Amino acid sequence: MLAGAACGGLINPPPPAPTPTTVVPPTPRPRPPTATPEPEVWIKNFRLTKMWSGQEGQPGVISFGETSSTFCSFRIAEPQVGPRIFVYNPYTDSNFWIDGIDVGPVEQPPVRRPGPKPAGVNCTEAIYDGAPLPASTLASTPTPRLSGAPTPAAALRLGTPLVMALYYPWYDERTWTSGQTSDLPVEPYSSADRETITRQVADARGAGIDVLVSAWFGQKGNNPTETNLRQLLTESERAGLKAAVLLETDSDEFFGSRTELVTALKVLLLTHTEQPGYLRVDGKPVIFVWNPKSVYGTDGVRVNAKTGAAVNAWRAILEEVDPKREALWIAEGDFFDLLSVFDGIFPYSVAWSDDPARQLASYGQTVRARGSGPADRKIWAAVAMPGYDDTRINGRAQTFAVEREDGAYYRGTFQGAIDSKPDWVVITSFNEWLEGTQIEPSRGYDRQYLDLTRTLVERFRAAAGPDTRR
(Lines give C-alpha, C1' and ligand atoms only; values in the text may rest on other atoms or scores of the structure.)
Protein backbone atom coordinates (compact mmCIF):
# COMPACT_ATOMS: atom_id res chain seq x y z
CA MET A 1 0.00 0.00 0.00
CA LEU A 2 1.37 3.41 -0.93
CA ALA A 3 0.79 6.47 1.21
CA GLY A 4 -0.47 9.34 -0.95
CA ALA A 5 1.14 12.73 -0.36
CA ALA A 6 -2.16 14.59 -0.49
CA CYS A 7 -4.27 15.11 2.59
CA GLY A 8 -3.19 11.83 4.20
CA GLY A 9 -5.01 9.60 1.70
CA LEU A 10 -4.12 6.02 0.84
CA ILE A 11 -3.64 5.03 -2.74
CA ASN A 12 -3.11 1.60 -4.22
CA PRO A 13 -2.29 2.04 -7.91
CA PRO A 14 -2.16 -0.94 -10.24
CA PRO A 15 1.29 -1.91 -11.58
CA PRO A 16 2.57 0.27 -14.44
CA ALA A 17 1.62 -0.73 -17.95
CA PRO A 18 4.28 -2.82 -19.75
CA THR A 19 6.70 -1.05 -22.03
CA PRO A 20 5.26 -1.03 -25.55
CA THR A 21 6.96 -3.12 -28.18
CA THR A 22 8.15 -1.89 -31.53
CA VAL A 23 5.23 -1.54 -33.92
CA VAL A 24 5.15 -2.25 -37.60
CA PRO A 25 3.07 0.44 -39.34
CA PRO A 26 -0.13 -0.91 -40.85
CA THR A 27 -0.37 -1.40 -44.57
CA PRO A 28 -1.87 1.64 -46.32
CA ARG A 29 -5.26 1.20 -47.87
CA PRO A 30 -7.10 3.46 -50.28
CA ARG A 31 -9.14 6.20 -48.65
CA PRO A 32 -12.69 6.89 -49.75
CA PRO A 33 -12.66 10.09 -51.81
CA THR A 34 -15.44 11.67 -49.71
CA ALA A 35 -14.39 10.32 -46.28
CA THR A 36 -12.48 13.30 -44.90
CA PRO A 37 -14.80 15.71 -43.08
CA GLU A 38 -14.88 19.35 -44.07
CA PRO A 39 -13.29 21.20 -42.45
CA GLU A 40 -10.58 18.76 -41.45
CA VAL A 41 -10.72 17.56 -37.85
CA TRP A 42 -7.49 16.52 -36.15
CA ILE A 43 -7.03 14.55 -32.95
CA LYS A 44 -4.08 13.49 -30.80
CA ASN A 45 -3.63 10.41 -28.63
CA PHE A 46 -2.93 11.18 -24.98
CA ARG A 47 -1.82 7.63 -24.14
CA LEU A 48 -0.23 4.78 -26.08
CA THR A 49 -3.13 3.20 -27.92
CA LYS A 50 -3.71 0.31 -30.28
CA MET A 51 -4.31 0.66 -34.00
CA TRP A 52 -7.05 -1.62 -35.33
CA SER A 53 -8.09 -3.02 -38.69
CA GLY A 54 -11.79 -2.47 -37.98
CA GLN A 55 -14.48 -1.52 -35.51
CA GLU A 56 -14.93 -3.27 -32.19
CA GLY A 57 -16.97 -6.44 -32.54
CA GLN A 58 -16.46 -6.87 -36.28
CA PRO A 59 -15.31 -10.38 -37.24
CA GLY A 60 -11.68 -10.81 -38.19
CA VAL A 61 -10.50 -7.49 -36.70
CA ILE A 62 -6.83 -7.50 -35.71
CA SER A 63 -4.51 -5.09 -33.94
CA PHE A 64 -1.61 -3.53 -35.84
CA GLY A 65 0.10 -2.88 -32.51
CA GLU A 66 0.43 0.26 -30.40
CA THR A 67 1.36 3.78 -31.34
CA SER A 68 5.03 4.42 -30.68
CA SER A 69 4.36 7.61 -28.73
CA THR A 70 1.71 9.95 -27.39
CA PHE A 71 0.50 13.23 -28.90
CA CYS A 72 0.65 11.89 -32.44
CA SER A 73 -1.56 13.72 -34.94
CA PHE A 74 -4.31 11.86 -36.81
CA ARG A 75 -6.95 13.25 -39.12
CA ILE A 76 -10.49 11.95 -38.71
CA ALA A 77 -11.32 10.20 -41.97
CA GLU A 78 -14.91 9.24 -41.22
CA PRO A 79 -17.43 10.40 -38.60
CA GLN A 80 -17.24 8.27 -35.46
CA VAL A 81 -19.71 5.42 -35.15
CA GLY A 82 -19.19 3.17 -32.15
CA PRO A 83 -16.20 3.29 -29.80
CA ARG A 84 -13.51 3.61 -32.50
CA ILE A 85 -12.62 6.35 -34.98
CA PHE A 86 -11.36 5.78 -38.52
CA VAL A 87 -8.30 8.02 -38.92
CA TYR A 88 -5.61 8.94 -41.42
CA ASN A 89 -1.99 8.77 -40.21
CA PRO A 90 0.15 11.30 -42.14
CA TYR A 91 3.40 9.66 -41.02
CA THR A 92 2.66 6.35 -42.77
CA ASP A 93 0.10 7.71 -45.26
CA SER A 94 -2.31 5.03 -44.09
CA ASN A 95 -5.66 4.56 -42.39
CA PHE A 96 -6.73 2.52 -39.39
CA TRP A 97 -9.16 2.56 -36.47
CA ILE A 98 -8.24 4.00 -33.08
CA ASP A 99 -10.10 3.87 -29.76
CA GLY A 100 -12.00 7.12 -29.21
CA ILE A 101 -11.41 7.02 -25.44
CA ASP A 102 -7.66 7.42 -26.04
CA VAL A 103 -7.75 10.57 -28.15
CA GLY A 104 -8.88 14.17 -27.93
CA PRO A 105 -9.58 17.01 -30.39
CA VAL A 106 -7.16 19.85 -31.19
CA GLU A 107 -8.01 23.23 -32.63
CA GLN A 108 -5.39 23.49 -35.35
CA PRO A 109 -3.92 20.97 -37.82
CA PRO A 110 -0.37 19.77 -37.16
CA VAL A 111 2.54 21.88 -38.33
CA ARG A 112 4.33 20.79 -41.49
CA ARG A 113 8.08 20.35 -41.21
CA PRO A 114 10.72 19.63 -43.83
CA GLY A 115 12.00 16.08 -44.04
CA PRO A 116 13.44 13.70 -43.58
CA LYS A 117 10.99 11.95 -41.28
CA PRO A 118 11.99 10.75 -37.80
CA ALA A 119 13.01 7.10 -37.75
CA GLY A 120 11.94 4.29 -35.43
CA VAL A 121 8.35 5.51 -34.92
CA ASN A 122 4.96 4.90 -36.50
CA CYS A 123 3.36 8.29 -35.83
CA THR A 124 4.43 11.86 -35.04
CA GLU A 125 2.98 15.16 -33.88
CA ALA A 126 4.05 17.05 -37.02
CA ILE A 127 3.69 16.23 -40.71
CA TYR A 128 7.11 15.51 -42.22
CA ASP A 129 8.35 15.22 -45.78
CA GLY A 130 11.17 12.97 -46.93
CA ALA A 131 13.09 10.01 -45.52
CA PRO A 132 13.52 9.21 -41.81
CA LEU A 133 15.75 11.14 -39.40
CA PRO A 134 17.26 9.69 -36.19
CA ALA A 135 14.74 9.37 -33.40
CA SER A 136 16.75 11.85 -31.30
CA THR A 137 15.45 14.70 -33.47
CA LEU A 138 11.84 14.17 -32.37
CA ALA A 139 10.10 17.33 -31.22
CA SER A 140 9.01 17.75 -27.59
CA THR A 141 5.41 17.40 -26.43
CA PRO A 142 3.32 20.16 -28.03
CA THR A 143 1.14 22.59 -26.13
CA PRO A 144 -2.54 21.59 -26.45
CA ARG A 145 -5.01 24.08 -27.86
CA LEU A 146 -8.40 24.12 -26.18
CA SER A 147 -11.46 24.44 -28.35
CA GLY A 148 -12.60 27.57 -26.49
CA ALA A 149 -16.28 26.62 -26.91
CA PRO A 150 -18.13 25.50 -23.78
CA THR A 151 -19.84 22.14 -23.84
CA PRO A 152 -23.61 22.52 -24.23
CA ALA A 153 -24.31 21.02 -20.81
CA ALA A 154 -21.88 23.32 -18.98
CA ALA A 155 -23.32 26.82 -19.40
CA LEU A 156 -22.36 28.08 -15.93
CA ARG A 157 -21.36 31.69 -15.44
CA LEU A 158 -19.17 33.48 -12.95
CA GLY A 159 -21.66 34.71 -10.38
CA THR A 160 -23.41 31.37 -10.06
CA PRO A 161 -23.31 30.44 -6.34
CA LEU A 162 -21.70 27.03 -6.73
CA VAL A 163 -21.22 24.52 -3.91
CA MET A 164 -18.36 22.08 -4.31
CA ALA A 165 -17.04 19.20 -2.24
CA LEU A 166 -13.52 17.78 -2.29
CA TYR A 167 -13.61 14.15 -3.37
CA TYR A 168 -11.01 11.42 -2.85
CA PRO A 169 -11.08 8.42 -5.22
CA TRP A 170 -8.34 6.18 -3.79
CA TYR A 171 -9.94 3.89 -1.22
CA ASP A 172 -10.17 0.11 -1.20
CA GLU A 173 -11.27 -2.45 1.34
CA ARG A 174 -7.91 -2.27 3.15
CA THR A 175 -8.58 1.35 4.09
CA TRP A 176 -11.40 0.36 6.39
CA THR A 177 -9.29 -2.15 8.34
CA SER A 178 -6.21 0.08 8.61
CA GLY A 179 -7.24 1.63 11.92
CA GLN A 180 -6.50 5.11 10.55
CA THR A 181 -10.07 6.40 10.34
CA SER A 182 -12.14 7.84 13.20
CA ASP A 183 -15.36 6.50 11.65
CA LEU A 184 -16.36 4.11 8.89
CA PRO A 185 -18.74 4.28 5.94
CA VAL A 186 -22.16 2.76 6.38
CA GLU A 187 -20.96 0.18 3.88
CA PRO A 188 -17.19 -0.15 3.27
CA TYR A 189 -16.43 0.30 -0.41
CA SER A 190 -13.82 0.40 -3.12
CA SER A 191 -13.54 3.72 -4.95
CA ALA A 192 -13.05 1.87 -8.23
CA ASP A 193 -16.48 0.23 -8.17
CA ARG A 194 -18.84 1.93 -10.57
CA GLU A 195 -21.75 1.32 -8.21
CA THR A 196 -19.85 3.25 -5.53
CA ILE A 197 -19.27 6.23 -7.82
CA THR A 198 -22.89 6.20 -8.97
CA ARG A 199 -24.09 6.21 -5.35
CA GLN A 200 -21.68 8.97 -4.32
CA VAL A 201 -22.72 11.19 -7.21
CA ALA A 202 -26.39 10.65 -6.33
CA ASP A 203 -25.72 11.45 -2.66
CA ALA A 204 -23.85 14.63 -3.56
CA ARG A 205 -26.55 15.73 -5.97
CA GLY A 206 -29.25 15.04 -3.42
CA ALA A 207 -27.43 17.19 -0.86
CA GLY A 208 -27.41 20.16 -3.24
CA ILE A 209 -23.73 19.89 -4.18
CA ASP A 210 -22.96 21.12 -7.71
CA VAL A 211 -19.41 19.87 -8.20
CA LEU A 212 -17.18 17.06 -6.91
CA VAL A 213 -13.55 18.18 -7.04
CA SER A 214 -11.53 14.99 -7.38
CA ALA A 215 -7.94 14.60 -6.19
CA TRP A 216 -5.79 13.74 -9.21
CA PHE A 217 -2.27 12.37 -9.63
CA GLY A 218 -2.22 12.61 -13.41
CA GLN A 219 -2.05 9.69 -15.82
CA LYS A 220 1.14 8.01 -14.57
CA GLY A 221 0.78 4.28 -14.04
CA ASN A 222 -2.91 4.52 -14.93
CA ASN A 223 -3.40 5.14 -11.20
CA PRO A 224 -6.86 5.05 -9.58
CA THR A 225 -7.25 8.84 -9.44
CA GLU A 226 -7.07 8.79 -13.24
CA THR A 227 -9.21 5.75 -13.97
CA ASN A 228 -11.83 6.70 -11.38
CA LEU A 229 -11.97 10.29 -12.68
CA ARG A 230 -13.12 8.97 -16.05
CA GLN A 231 -15.99 7.12 -14.39
CA LEU A 232 -16.79 10.12 -12.21
CA LEU A 233 -17.09 12.34 -15.28
CA THR A 234 -19.45 9.86 -16.93
CA GLU A 235 -21.64 9.43 -13.85
CA SER A 236 -21.66 13.19 -13.16
CA GLU A 237 -22.91 13.93 -16.66
CA ARG A 238 -25.73 11.42 -16.24
CA ALA A 239 -26.79 12.86 -12.90
CA GLY A 240 -26.58 16.55 -13.83
CA LEU A 241 -23.56 17.08 -11.57
CA LYS A 242 -20.13 18.42 -12.54
CA ALA A 243 -16.65 17.17 -11.71
CA ALA A 244 -13.31 18.94 -11.64
CA VAL A 245 -9.71 18.12 -10.80
CA LEU A 246 -7.68 18.94 -7.69
CA LEU A 247 -4.12 18.65 -8.97
CA GLU A 248 -2.04 16.99 -6.23
CA THR A 249 1.04 19.02 -7.12
CA ASP A 250 3.32 17.83 -4.31
CA SER A 251 3.30 14.12 -5.13
CA ASP A 252 6.85 12.93 -5.82
CA GLU A 253 5.45 9.50 -6.64
CA PHE A 254 3.34 10.68 -9.57
CA PHE A 255 4.82 14.08 -10.42
CA GLY A 256 8.48 13.26 -10.08
CA SER A 257 9.69 16.07 -12.30
CA ARG A 258 8.59 19.32 -13.85
CA THR A 259 8.24 17.55 -17.19
CA GLU A 260 5.81 15.02 -15.71
CA LEU A 261 3.74 17.80 -14.16
CA VAL A 262 3.60 19.85 -17.37
CA THR A 263 2.77 16.82 -19.50
CA ALA A 264 -0.06 15.80 -17.16
CA LEU A 265 -1.57 19.29 -17.37
CA LYS A 266 -1.37 19.28 -21.17
CA VAL A 267 -3.15 15.93 -21.29
CA LEU A 268 -5.76 17.14 -18.80
CA LEU A 269 -6.57 20.17 -20.95
CA LEU A 270 -6.68 18.05 -24.07
CA THR A 271 -8.91 15.32 -22.68
CA HIS A 272 -10.86 15.38 -19.41
CA THR A 273 -11.71 19.08 -19.50
CA GLU A 274 -13.40 18.53 -22.87
CA GLN A 275 -15.89 16.05 -21.40
CA PRO A 276 -19.49 17.23 -20.85
CA GLY A 277 -19.29 16.30 -17.16
CA TYR A 278 -16.31 18.56 -16.47
CA LEU A 279 -16.92 21.89 -14.74
CA ARG A 280 -16.76 24.94 -17.01
CA VAL A 281 -17.50 28.48 -15.92
CA ASP A 282 -17.88 31.15 -18.60
CA GLY A 283 -16.89 28.41 -21.03
CA LYS A 284 -13.57 27.78 -19.27
CA PRO A 285 -12.62 24.52 -17.51
CA VAL A 286 -11.81 25.01 -13.83
CA ILE A 287 -8.65 23.44 -12.39
CA PHE A 288 -7.87 23.42 -8.67
CA VAL A 289 -4.25 23.18 -7.52
CA TRP A 290 -3.33 21.65 -4.17
CA ASN A 291 -0.27 22.99 -2.29
CA PRO A 292 0.85 25.26 -5.14
CA LYS A 293 4.02 26.39 -3.36
CA SER A 294 5.49 22.91 -3.96
CA VAL A 295 5.64 23.58 -7.72
CA TYR A 296 8.79 22.88 -9.72
CA GLY A 297 10.79 25.91 -10.79
CA THR A 298 12.29 26.20 -14.24
CA ASP A 299 15.47 24.69 -12.76
CA GLY A 300 13.54 21.48 -12.07
CA VAL A 301 13.72 21.87 -8.27
CA ARG A 302 10.63 22.15 -6.07
CA VAL A 303 10.21 25.62 -4.57
CA ASN A 304 8.38 24.58 -1.38
CA ALA A 305 8.13 28.15 -0.11
CA LYS A 306 5.65 31.02 -0.23
CA THR A 307 7.96 33.24 -2.26
CA GLY A 308 8.17 34.98 -5.60
CA ALA A 309 9.93 31.87 -6.90
CA ALA A 310 6.66 29.92 -6.61
CA VAL A 311 4.76 32.71 -8.39
CA ASN A 312 7.32 32.79 -11.20
CA ALA A 313 7.32 29.00 -11.46
CA TRP A 314 3.54 28.93 -11.96
CA ARG A 315 3.71 31.82 -14.41
CA ALA A 316 6.15 29.82 -16.53
CA ILE A 317 4.06 26.63 -16.34
CA LEU A 318 0.79 28.36 -17.25
CA GLU A 319 2.45 30.17 -20.14
CA GLU A 320 3.56 26.75 -21.37
CA VAL A 321 0.37 24.75 -20.90
CA ASP A 322 -2.33 27.45 -21.21
CA PRO A 323 -0.79 30.48 -22.94
CA LYS A 324 -4.15 31.98 -23.91
CA ARG A 325 -5.57 31.40 -20.43
CA GLU A 326 -8.46 29.33 -21.67
CA ALA A 327 -8.92 27.69 -18.25
CA LEU A 328 -9.65 29.04 -14.76
CA TRP A 329 -6.86 28.17 -12.31
CA ILE A 330 -7.74 28.12 -8.60
CA ALA A 331 -4.93 27.88 -6.02
CA GLU A 332 -5.29 26.24 -2.62
CA GLY A 333 -4.03 27.95 0.52
CA ASP A 334 -3.44 31.47 1.73
CA PHE A 335 -0.46 32.57 -0.37
CA PHE A 336 -2.29 35.46 -2.01
CA ASP A 337 0.65 36.57 -4.18
CA LEU A 338 -0.31 33.66 -6.43
CA LEU A 339 -3.34 35.67 -7.50
CA SER A 340 -1.06 37.55 -9.89
CA VAL A 341 -1.11 34.38 -12.02
CA PHE A 342 -4.09 32.39 -10.67
CA ASP A 343 -7.75 33.26 -11.18
CA GLY A 344 -8.85 32.49 -7.65
CA ILE A 345 -8.02 30.88 -4.33
CA PHE A 346 -9.55 28.58 -1.72
CA PRO A 347 -8.28 27.37 1.66
CA TYR A 348 -8.31 23.62 2.21
CA SER A 349 -8.86 24.00 5.95
CA VAL A 350 -9.69 26.48 8.70
CA ALA A 351 -9.88 23.81 11.39
CA TRP A 352 -6.61 25.13 12.82
CA SER A 353 -8.19 28.55 13.52
CA ASP A 354 -9.73 29.55 16.86
CA ASP A 355 -12.20 31.73 14.93
CA PRO A 356 -12.91 30.19 11.50
CA ALA A 357 -15.59 32.73 10.57
CA ARG A 358 -13.29 35.68 11.22
CA GLN A 359 -10.49 33.97 9.30
CA LEU A 360 -12.72 33.38 6.29
CA ALA A 361 -13.90 36.99 6.32
CA SER A 362 -10.29 38.16 6.26
CA TYR A 363 -9.45 35.81 3.40
CA GLY A 364 -12.43 36.99 1.38
CA GLN A 365 -11.49 40.65 1.78
CA THR A 366 -7.93 39.93 0.72
CA VAL A 367 -8.96 38.05 -2.41
CA ARG A 368 -11.36 40.78 -3.50
CA ALA A 369 -8.70 43.44 -2.91
CA ARG A 370 -6.27 41.59 -5.20
CA GLY A 371 -8.57 42.03 -8.20
CA SER A 372 -7.61 45.20 -10.07
CA GLY A 373 -11.15 45.71 -11.37
CA PRO A 374 -14.15 43.97 -12.98
CA ALA A 375 -11.98 42.75 -15.86
CA ASP A 376 -9.56 41.13 -13.39
CA ARG A 377 -12.00 39.77 -10.82
CA LYS A 378 -10.53 37.10 -8.58
CA ILE A 379 -12.61 34.14 -7.43
CA TRP A 380 -13.02 33.61 -3.69
CA ALA A 381 -14.04 30.07 -2.76
CA ALA A 382 -14.64 29.81 1.00
CA VAL A 383 -14.26 26.52 2.84
CA ALA A 384 -16.80 24.82 5.15
CA MET A 385 -15.88 21.83 7.33
CA PRO A 386 -17.87 19.41 9.51
CA GLY A 387 -14.88 18.78 11.82
CA TYR A 388 -11.37 17.35 11.65
CA ASP A 389 -9.46 14.38 13.07
CA ASP A 390 -6.18 13.09 11.65
CA THR A 391 -4.90 11.65 14.94
CA ARG A 392 -4.90 8.08 13.65
CA ILE A 393 -2.84 8.66 10.49
CA ASN A 394 0.44 6.79 10.68
CA GLY A 395 3.62 8.80 10.43
CA ARG A 396 2.30 12.35 10.82
CA ALA A 397 4.48 14.44 13.09
CA GLN A 398 1.69 16.78 14.17
CA THR A 399 -1.96 15.77 14.42
CA PHE A 400 -5.06 17.26 16.02
CA ALA A 401 -8.83 16.93 16.18
CA VAL A 402 -11.77 19.34 16.13
CA GLU A 403 -15.05 17.92 17.42
CA ARG A 404 -18.11 17.92 15.18
CA GLU A 405 -20.39 18.96 18.07
CA ASP A 406 -23.34 17.11 16.53
CA GLY A 407 -23.27 19.38 13.47
CA ALA A 408 -22.70 22.70 15.25
CA TYR A 409 -19.14 23.06 13.96
CA TYR A 410 -20.33 22.45 10.38
CA ARG A 411 -23.12 24.99 10.71
CA GLY A 412 -20.66 27.52 12.10
CA THR A 413 -18.02 27.15 9.37
CA PHE A 414 -20.64 27.07 6.62
CA GLN A 415 -22.24 30.25 7.94
CA GLY A 416 -18.79 31.81 8.21
CA ALA A 417 -18.21 30.90 4.57
CA ILE A 418 -21.52 32.50 3.57
CA ASP A 419 -20.76 35.66 5.55
CA SER A 420 -17.41 36.04 3.76
CA LYS A 421 -19.40 36.69 0.55
CA PRO A 422 -17.79 33.98 -1.57
CA ASP A 423 -18.28 33.19 -5.22
CA TRP A 424 -18.25 29.50 -4.34
CA VAL A 425 -18.30 27.35 -1.21
CA VAL A 426 -15.94 24.38 -1.06
CA ILE A 427 -16.78 21.63 1.44
CA THR A 428 -13.80 19.81 2.94
CA SER A 429 -14.81 17.15 2.29
CA PHE A 430 -17.20 14.69 0.73
CA ASN A 431 -15.11 11.67 1.73
CA GLU A 432 -11.66 12.41 3.22
CA TRP A 433 -12.05 9.66 5.82
CA LEU A 434 -8.49 9.67 7.11
CA GLU A 435 -8.71 13.30 8.18
CA GLY A 436 -12.25 12.92 9.49
CA THR A 437 -13.78 15.67 7.34
CA GLN A 438 -16.22 13.51 5.40
CA ILE A 439 -19.93 14.22 5.06
CA GLU A 440 -20.54 10.88 3.34
CA PRO A 441 -22.91 8.62 5.31
CA SER A 442 -21.12 6.89 8.20
CA ARG A 443 -21.83 4.36 10.92
CA GLY A 444 -21.49 7.12 13.50
CA TYR A 445 -23.96 9.66 12.10
CA ASP A 446 -25.65 7.96 9.11
CA ARG A 447 -26.93 10.64 6.63
CA GLN A 448 -27.00 13.53 9.11
CA TYR A 449 -24.37 15.59 7.31
CA LEU A 450 -25.84 15.10 3.86
CA ASP A 451 -29.19 16.33 5.19
CA LEU A 452 -27.50 19.25 6.94
CA THR A 453 -25.62 20.10 3.75
CA ARG A 454 -28.91 20.45 1.87
CA THR A 455 -30.16 22.97 4.45
CA LEU A 456 -26.91 24.96 4.44
CA VAL A 457 -26.72 25.00 0.64
CA GLU A 458 -30.22 26.49 0.47
CA ARG A 459 -29.10 29.14 2.97
CA PHE A 460 -26.11 29.99 0.77
CA ARG A 461 -28.26 30.25 -2.34
CA ALA A 462 -30.68 32.59 -0.57
CA ALA A 463 -27.85 34.81 0.67
CA ALA A 464 -26.21 34.90 -2.74
CA GLY A 465 -29.35 36.10 -4.49
CA PRO A 466 -31.17 34.70 -7.53
CA ASP A 467 -29.61 31.64 -9.04
CA THR A 468 -27.98 32.69 -12.33
CA ARG A 469 -27.73 29.21 -13.80
CA ARG A 470 -29.32 28.76 -17.19
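The values are calculated or read from the model by the stated rules, or taken from the named source; none is laboratory data. On a predicted model such as this, the values are computed, not experimentally measured, just so you know. Glycine gets a Cβ as well: all are built from the backbone with ideal geometry, and neighbour counts include every protein chain shown. Heavy atoms of the whole protein, side chains included, go into the accessibility calculation; ligands, DNA and RNA do not. Shrake-Rupley method; radii C 1.70, N 1.55, O 1.52, S 1.80 Å.
Some notes on this structure:
- Of all lysines in the structure, those lying under 28 Å Cα to Cα from Lys293, and not within fewer than 8 positions of it along the same chain, are Lys220, Lys242, Lys266, Lys284, Lys306, Lys324, Lys378, Lys421.
- In region 342-469, Cα pairs under 8 Å separated by at least six residues give a relative contact order of 25 percent.
- Just the protein heavy atoms count here, and of the accessible area of region 258-385 at 1.4 Å, carbon and sulfur take up 48 percent.
- Proximity of backbone amide H atoms, modeled 1.01 Å from N, is registered between Val426 and Met164, Ala382, Val383, Ala384 at under 5 Å, excluding neighbours fewer than 5 places apart on the same chain.
- For peptides 42-50, 167-175, sequence by mean Cβ density within 10 Å, most packed first: 167-175, 42-50
- Contact order normalised by residue count of region 70-123, Cα under 8 Å, 6+ apart, percent: 29
- Solvent-accessible surface of region 158-259, averaged per residue with a 1.4 angstrom probe and all protein chains in place: 31 square angstrom.
- Value in Å of the Kirkwood radius, where region 212-278 supplies the Cα pairs that are averaged: 12.0
- Quotient of Cα Rg and 2.2 N^0.38 Å for region 291-399, N being how many residues it contains: 1.20
- When the Cα convex hull of region 379-470 is projected onto planes of every orientation, the mean area is 7.1 nm².
- Packing-based order for 209-216, 53-60, using average beta carbon neighbours within 10 Å, highest first: 209-216, 53-60
- Region 330-401 - accessible surface per residue (Å², probe 1.4 Å): 45
- Each part gets one Cα centre, and for region 171-224 versus region 247-300 those centres are 21 Å apart.
- Here the contact order of region 301-352, divided by its residue count and restricted to Cα pairs under 8 Å and six or more residues apart, works out to 30 percent.
- Antiparallel bridge percentage (DSSP; both residues within region 343-470; nearest 5): 35
- With every protein chain in place, region 176-242: carbon and sulfur % of accessible area (1.4 Å): 48
- Of the solvent-accessible surface of region 397-452, computed with a 1.4 Å probe and all protein chains present, 44% belongs to carbon and sulfur.
- Inverse of mean 1/r across different Cα pairs in region 148-304, Kirkwood, Å: 16.5
- Listed peptides 68-78, 449-459 appear in the order 68-78, 449-459 once ranked by packing, highest mean of other Cβ atoms within 10 Å at the front.
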